[in-house]
Structures are given as C-alpha cells and as structure tokens.
Amino acid sequence: MNRGFWRSGDPLVWTAAGALALCLIMLFGLVGLVAFRGLAYFWPAELVQLELADGSLVVGQVTGRERIPAPGGTGAAARGRIQLKVGNRDVYGLDFRWIEEDLITGWSAPPELAVVERLEQGDAYGVPVRLLQDGEVAAQGDEILERLPAMLAEAAALRRELRRLERDVVGDINRRIEAARLALVRLERQAGGGAASLQGVDPHQEAAARGQEAAARHREAIARAQAQYEQVLQEIAALRRQLSGRTLVLALAGGSELSVDVASIVRIYRPNAMSPGEKLGFYAAKLWEFLSSEPRESNTEGGIFPALFGTVLLVLIMTVAVVPIGVLAAVYLKEYARDGWFTRALWIAIRNLAGVPSIVFGIFGLGFFIYGVGGSIDRAFFPERLPAPTFGTGGILWASLTLALLTLPVVIVATEEGLAAVPRAAREASYALGATRFETVWKVVVPGAMPGILTGVILGIARATGEVAPLMMTGVVKLASELPVDGLFPFIHLERKFMHLGFFIYDLGFQSPNVEAARPMLFATAFTLLAVVLVLNGAGIGLRNRIRARIEKAGPG
Amino acid sequence: MRERFGRSVWQRQFENGEFLEEECQVTPVPLRTASLRVVGGGREHAGPAGRGPNAHASVNGAAGPAGTAIAVEGLSVRYGETEALSGVTMEIKKHRVTAFIGPSGCGKSTLLRCFNRMNDLIPGAQVSGRVLFEGRDIYAPGVDVTELRRRVGMVFQRPNPFAMSIFDNVAYGPRLLGLKKRQVEERVVESLQKAALWDEVKDRLRAPALALSGGQQQRLCIARALAVGPEVLLMDEPCSALDPISTSRIEDLILSLKEQLTIVIVTHNLQQAARIADETAFFLAGRLVEFEETAILFARPVHPETERYVTGRFG
C-alpha cells in the first residue's frame, strides 16, 4: 500500500504543482504590489481632517497604517498608527507624519479642502480663502475656484514661453557662440601649423590674411549672439514679472495661513468634493501627465517621459546592433565553421559569457567603447572641442552597444538552437534542387530558424530593458536636459546622455532627498518599466507568431 | 544566373571534347525554358512533345550509349568503416521507371543518393567507381554538383516541403535559376499541373505548404523537383509515409511522368514495384543481385535470394 502510494507518483506531482503555485504567488504578488501601488498614485485620494486628543487639527492623506509593537511583551493590547501625508513642506518641514490611532478623537472629510499641486515644495493642503492681485484682494471663497483655472492656464502658457526662451532660444544662441568659438580654435590651430610649414612666403601671407578675415567674422558673430542674449534675458525678466504678482492664500488646519504664488501652481482640486466621473477624468489627466511630461522636484513629481523615451530608444538601438552581429556569428559558427575543439571551446565561452555580471560589461563598455573608441573619435574628428569630450564620454550609443554585447550570447545561443531545429530534410531538399550551401543557408535554414532567432531577441530585450548597472558607467543620468532625438540637425544625437526607467527607479529609491515623497512615483515608474518590457516583448512575440503562422499553420485560402 | 548556368554547361562540354555540332545549333537552357513555356500555356500534354526531341538530340549527341540515362561502373560506397555498396554495375534506361528493391540496409538508398551526389553531404562517405550521367562521370573533378542536382532531381521518403507557402516551395528552384517573375510563375503553374496538384491548391497558393495533407505534400515535393526541369527523378521510398489512396495517386503520377523523365524509385513495397516499374533491381547486403525487366524478375528470378525475397520468405 505504502509502496504503491510512492510508486503512483502522486507525491511528486503534488510537489511539482506546489512549486508552480509558489512561483505564481511570488510573481503575482510582485506584479500585483507594483501595479496596485503604482496605479493608485494617480487616484485623487481623500483629504481627511483629524482632531487629536490635544485639541489640534491635522489635514492630510492617509498613506499607510501599521501596528506598533507593544513594549514589554505581548500582554498589552496592540495599538495602531497611521501615516499621514500632511503636505505643506515649506510650513511643517516634513510632509509626512505618524499619528497614533489612540490619539485621534475626530475624523472628517470636509469638501472645501483643496489640494494645491505646486512646482516646488510639493503639495499644499488647505482651504483657499483669498486670491490676491498685487496685494489687493481679487476674489474670495468659492469665487476663487472659478477664477483660478483661467489664471493657471495663462500661467502655464507663460511658463511654456519662458521655457522656450530659456531652453531653445538661449540654447540656440549658446550653440552659435560655441560654433564660432570652435571655428576660431580651428583657425588658430591652422595658423600655427601653417606658420611652421610655410615660412613667410606670399601664399602664406595671403592665407593668413584670409584667416584673420574669417576670425574677425567669427568674433563678430559671437558679439552679435551675445547682444541677442542680453535682449533675451530682458524678455525673460519681463515674463517673470508678468508671472508674479498673484497670490493664493490657503487657510491651514490649526488656523495659520499659507501664501502660494499662483505662477507656481500646477493644478488645484478638491478631492472630497469630486464625483467618481471627475475622479476618473482626473486620473486620466494625471496618468497622461506622468507619461508625457518631464520630472520636477528632483524626480519626485511630474512625469517620466525622458526616461521612458530613453529606455525605448536604448533598447531599439541595442536590438539593431545585436541582431545582425549575433545572427551572423551564430550562422557562421553553426553552418560554416568546422566542428573542432576550437569551435566547441568557442561555444562554451559564448554560453558562459551570458553569466558574466552585467557590471563587468559596464566596465568594459567604459574602457573600450567610451575611452577607447569614443576617445579616438574625438581626437580624430572633434579635436577643437578637446578637452571637453564629445563621444569620449557616456552616451546612449555606448550604453546601447554595451547592452548589445551583454545580450549577444543570448541571441547567439538562441539562433544556434533555432538553426539546429531546422530539419535536415529541409536542407537536403534545398541541395537536391541544385542550391549551393550559401543559398540553402540563407533561403531555407535562416528563415526556418526565424522563430528561434526572434525568441532569442525577445529574451535579450527582456534582459536588457531591466539592466541598470552597466548603464551607470556608460552614460545614464538622473536628469537629462535634452532628449537624444530632437529637431536640431542631425536629429539623432547618439552621443548625448540619457535617462532610463531602471536608473530612475534606483535614483528615486536610494538617492532621493525625500524618499517618502518619492515612493508613489517609484511604484508608478516600476510599473511603467514592467509595462515597457511587456510591450516590447509582446511586439516580439507577436512578430514571431506571425512568422510561425505564415510558415506552419494554414491561413484562410 | 541563367546565363551562367548555360555557359558552364557549354564550357565543360567544350573542355571535355564533347562539344558537338548538333548541340551547337541550340542553346540548351533557353530552349528548354522556351519549351516549358509552351507547356505552361497549353496543358501538360504539350510537355513531352515539346521537350522530347530536344532531350533526345542531346542523348544522341552525348557520348553515352543511346537510351541510357545513368551508367554505374563498379561503384562502391563506404561510410567510415562500413561498406554500404560494393561493386555495383548497371545501366538505367531513359524514360523508364526503374525500381530498387531489397531489405533494409541493402544499399539501395545509398546507390540512389550517389546519382545526384547527395552522399557528399554525409561526413565520412567515400565513393569509388564511376557513375556516368549522360556519358559524363559525375564524380570527376570539376563537376558542378549544383548543376548535376538540377538535372537529377530527388524526392525524399518523408514529404519535406519548406516552411514557406505552396507557391514559394515550387518557385524555389526556378528562382535559384534566376528566372524572371513571370517565368517563375509559369513554371510553378506548369509543375503543379504535372504533379496533379494544381486543381487542389490553385486557390490557395499563398497558404503554408505544411498545412497540406501528407499526400499533397509529397506531390508538392514532386512539383518542386519538376520545376527545375530535371531529366532524371530519383524517388527514395516516396510513398512509405503515405496512406493507400495517396500512394495510388503518386503511382499514377509516376506513370504519367515517365514520358518526360527517367525515374528511379526505391521502394519497400513489392506490389508497388510490380505495378509501376519497367525494370527492377534487387539488392542484398550492398550488392546488386539481380536486375531485370520487372515482369521477369518477379515471375522467373534467376537467383534463389531474389526468389526468396519476392515471394516474401525473408526481408
């Protein structure tokens, strides 16, 4: 009986099922946590007003709750405490507060409480009481919320204009000055070289005259650009004046007041007074802002668009780099190379390469790509900019190539497996039709291995999207002022530094000055990264399935 | 590509001193495609008529004896230490169906694979002796193997269509020849008609070939082999993986193709050999035991081993 029980295999089946269940629980637990916390970030949470035992009032959003371990053993009743985001960092110093539940005597959610999202100092919570225009009262009570949206739109437009001036116009002037300066440096170098080789002959003097003429032209360009710069500075100052002058006064819990510059308000809303429909609309707007705008407040507020863009671009460049090299290498090794000890050793090496820590690839990328290749490019093509590096510093190109190197073994091994899975019969059929080896490999074997190759690419992308360590050495930054792709010639600037979701998470989680405030953003970013991996993988899997369907299963007609 | 193919034939014949005036009047490849084009337009029966005289012209012109497609002289094949075939000498006649029978491992498939040098792909295979195709030794140095395989096509035991559409499968060979799109299409249609598959697939040429039934797949493989315009078709147990109805369709097909091609078929099915083969060769342990008209071989075998085999007493 007992023997029969073991021989039936049931215990093993149950163990296997248990292992699977454990995996699923861990997986869904992780994804569920990240998704729940990440997606809850955009929901307009209720603002509560608490009365405490000492008679004081506190206003905030409940962000957490935990039990306090009773001191002195298990006898005492466990008590709880709640974490309250009280906002108003400029008034209270900290925007989070722990409050023991025992001390709370009253709990209400007054509809007039408003959340004021600001460009700086985080959210402010309070009741809007007065709107001041140059010190005079312009509106009071409910009138404020009627008049504010127009003002906020106006302020937003002014901010956009200011940003355009500060970044695009001033940036353009800077570029012109830099270009003229580099041209001057080049002229000086030429003049220096020329003087050494051509000793005081006529052509030299002519050239020197021409050179001086050009130098004068460049200096003039610099002077013109600087004059323009002064002008733009004045415009900026005027805009700033236009922006200032309006103030919103909030009544805070406990009777004090807080003045908020209207120009620094992103949005204002009353979560307690919102209908579910309004809340959904608000949710969508927040989500869109998160995905489409740039971060602010040292990445704890605003959006993640540059990081999202950087991640996707990084993976795309990596894919473009790794697929041809990996596939060609695998085809050569599998189809052409003689099967000897060297080939076998190479296979072992490639398989083991997949186990090398990614940080080692990062260091290699830094040493080889950045200092080696990038440094050489700088010396050869951009000597006038030295010592400031152009390609000799971290950038999205080098990070992509480092990741390509990292995923190369995955692609090679998967391609090899795909090639091996192409039946011998298919090769024979091709040879029997008079195909050469080359024709057989490229028209039958490689297309037949395509699903396998794509599987490798998908695995590689999945691995590369989540990598952070090698990027830290090859050009990822906390905040990049410019995207690697923009409207300026040559449109794609692969030498630029970039932002990345994975590094964003690391930075937010461990380097942020205000970790508590950053936490919701952290989950939302992690969820976005998961979604990016999912979308990139989904695209790869979709492509693979389409190819499979085309070559294997019947379509209609 | 086509030009190169044509030129290589000429050059080699010229170098071998086999360049004859009769052949000089027609450039072989363009004429062949021209005749195929006629076939494509006017159903399959125009095929042999259009092609026959041309084929015969080259037969008569070539050095080999009239009516012989492949001559084997003292052929032995070794795979490493094992001898798969020893001292086989035989002649395969043109426009006839020749069947190879014998128990498993007797070397009949090995011999078949010598005819288009598919054995080259097996590491360690060593061939000695001569195989003359159209009078030329195909194992001589400098022979263009790809061209040989175009002229000596092959159909395998298991249907092995490429993982492509039906059309692309048949078009594979013609495209290798570098034919233009229109010519490729004509050849595909014509080959599918010859392989008696056209009516079943004409509405779904873009469907994956692997979605066809086993019998259809095998006829597709035959169409694919026909599309490069071979003179000889080697069939390695083409029906062993098929059901009886598919088998009989393939057998009908073989009989209809006989007018245009020389067919060599390896089979385990003695009834099949009796039904379709004009001549039958019996192999045992790497040797050719008996090679005779099919009717004679089955009715009055000379060798006792042959008799025992065909009467089902061993093998």
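The values are calculated or read from the model by the stated rules, or taken from the named source; none is laboratory data. Small disclaimer: the values here were computed from a predicted structure and weren't measured. Backbone-built Cβ (ideal geometry, glycine too); neighbour counts: all protein chains shown. Heavy atoms of the whole protein, side chains included, go into the accessibility calculation; ligands, DNA and RNA do not. Shrake-Rupley method; radii C 1.70, N 1.55, O 1.52, S 1.80 Å.
Tabulated results
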| item | result |
| --- | --- |
| Leading residue at positive end of dipole, the stretch A:301-554 (Cβ point charges), from A:Val331, A:Gly310, A:Gly509 | A:Val331 |
| Accessible area (Å², per residue) of the stretch A:17-66, counting only protein heavy atoms and a probe of 1.4 Å | 60 Å² |
| Residue mean of other protein chain beta carbons inside 10 Å, B:172-185 | 2 |
| 10 Å Cβ neighbours from other chains, averaged over peptide A:423-429 | 6 |
| Residues whose placed amide H lies under 5 Å from that of A:Ala114, excluding near-sequence neighbours | A:Gly126, A:Val127 |
| Taking only Cα atoms of the stretch B:94-226, radius of gyration then Dmax in Å | 16.5, 48 |
| Set A:Lys443/B:Lys181; A:Lys279/A:Lys478; B:Lys93/B:Lys202; A:Lys334/B:Lys108; B:Lys94/B:Lys194; A:Lys443/B:Lys258 screened for pairs whose C-alpha atoms are more than 23 Å apart | A:Lys279/A:Lys478; B:Lys93/B:Lys202; A:Lys334/B:Lys108; A:Lys443/B:Lys258 |
| For the pair A and B, total buried accessible area rounded to nearest 100 Å², probe 1.4 Å | 2000 Å² |
| Radius 12 Å from Cβ of A:Ala524, net charge of other residues (Lys, Arg +1; Asp, Glu -1) | +1 |
| Compactness of the stretch A:355-429 as Cα Rg over 2.2 N^0.38 Å, two decimals | 1.65 |
| Cα→Cβ-extended label distance, 7 Å offset, between A:Leu346 and A:Arg3, nm | 5.5 nm |
| Rounded to the nearest 10 Å², the accessible area of A:Ile177 at probe 1.4 Å | 40 Å² |
| As computed over the stretch A:154-243, the Cα convex hull volume per residue (Å³) | 64 Å³ |
| In nm, spacing of pseudo-spin labels at A:Trp442 and B:Arg206 (7 Å Cα→C-beta vector) | 2.6 nm |
| Geometric extent, Cα atoms of the protein assembly as shown - Rg, Dmax (angstrom) | 40.8, 126 |
| Nonlocal amide H pairs with B:Val155, under 5 Å, H built at 1.01 Å | B:Leu234, B:Met235, B:Asp236 |
| Distance in nm between pseudo-label sites at A:Glu46 and A:Leu119 (7 Å out along the Cβ direction from Cα) | 3.5 nm |
| Shielding score for B:197-207, defined as the mean number of other chain Cβ atoms within 10 Å | 1 |
| Accessible-area composition of the protein assembly as shown, carbon plus sulfur, in percent [1.4 Å probe] | 59 percent |
| Å² of accessible area per residue within the stretch B:103-195, as computed with a 1.4 Å probe and no ligands counted | 33 Å² |
| Surface/4 of the Cα convex hull for the stretch A:301-554, nm² | 17.7 nm² |
| Distant-in-sequence amide H partners of A:Glu257 (H built 1.01 Å from N, under 5 Å) | A:Leu252 |
| Projected area, mean over directions - the stretch B:157-315, Cα convex hull, nm² | 10.1 nm² |
| Burial order of peptide ranges A:373-382, A:97-106, B:174-183 (average beta-carbon count within 10 Å, highest first) | B:174-183, A:373-382, A:97-106 |
| Cut-off 15 Å between beta-carbons: net charge of the residues surrounding A:Leu386, Lys and Arg +1, Asp and Glu -1 | 0 |
| Charge dipole of the protein assembly as shown about the Cα centre (unit charges at C-beta), most positive-ward option of A:Gly452, B:Leu233, A:Ala53 | B:Leu233 |
| Low-density loop cleavage sites - GluC sites (Glu not before Pro) in the stretch B:207-312, where at most 16 other Cβ are within 10 Å (DSSP) | B:Glu259 |
| Net dipole in debye of the protein assembly as shown [+1 Lys, Arg Cβ; -1 Asp, Glu Cβ; about Cα centre; nearest 20] | 1720 debye |
